[in-house]
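Working notes, structure below.
The values are calculated or read from the model by the stated rules, or taken from the named source; none is laboratory data. Here the structure is a predicted model, which is why all the values come from computation and not from measurement. Backbone-built Cβ (ideal geometry, glycine too); neighbour counts: all protein chains shown. Accessible surface is based on the protein model in full, side chains and every heavy atom, while ligands, DNA and RNA are left aside. Shrake-Rupley method; radii C 1.70, N 1.55, O 1.52, S 1.80 Å.
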Amino acid sequence: MSKQIWAPWRMEYIKDKDTGSCVFCEGAIAGHRDRAAYRILAGRADEFVVLNKYPYVFGHILICPRRHVSSLEDLLPKEQESLFRLAIDAQIMLKSILNPHGINWGINIGKQAGAGIEAHLHVHIVPRWEGDTNFMPVVADCHIMPGHLDKLYAQLIPEFSRLDS
Ligand SMILES: [Zn+2]
């Protein structure tokens, strides 16, 4: 990322962590029953895609393994492969729907590297638009994110659910 942009999500993640539960494990389990509540966009045997509740920018998604592991090497080779397969498929989908100017991929391993939830590995895919570093703080100040997230989820889910297997 070219610049540190709006990141109140980190504080929220710390709050979530205080409850002792893992939001990604919760999503992996409860998400089978109620996808929308966890904003799960697609699910496969070993991993799923979720719309980030605390996004850097509009359309920021996360790809999570279902297993609670903290680092890539903790996954089996077939899980590593399927995680990246789903991430690539999700990137293609995101590009076709939102038409961003660019995309950032990121994996933060360990708190010092910036991981909000360090215990459960996740791949960030962040669509980028020219000028979004200026635009986002304005959006954040307006407190319009939750409604926008619901709307975006509704827009993405019919397409993303095609990635299920
Ligand atoms: Zn977990």
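ALA90 falls short on exactly one of the conditions (1) more than 16 Å from the ligand (Cβ to nearest atom); (2) open to solvent by 40 Å² or more (accessible area, probe 1.4 Å), and that condition is (2).
Might you let me know whether the stretch 27-38 holds any residue that is closer than 18 Å to LYS151 by Cα, charged (D, E, K, R), more than 15 Å from the ligand (Cβ to nearest atom) and touching a Leu at 6+ places or on another chain (Cβ under 9 Å)? Yes, because at least one residue in the stretch 27-38 is closer than 18 Å to LYS151 by Cα, charged (D, E, K, R), more than 15 Å from the ligand (Cβ to nearest atom) and touching a Leu at 6+ places or on another chain (Cβ under 9 Å).
Checking ILE103, ILE109, ILE117 one by one, the residue that is modelled with pLDDT under 95, assigned to a loop (DSSP other than H, G, I, E, B) and open to solvent by less than 60 Å² (accessible area, probe 1.4 Å) is ILE117 and no other.
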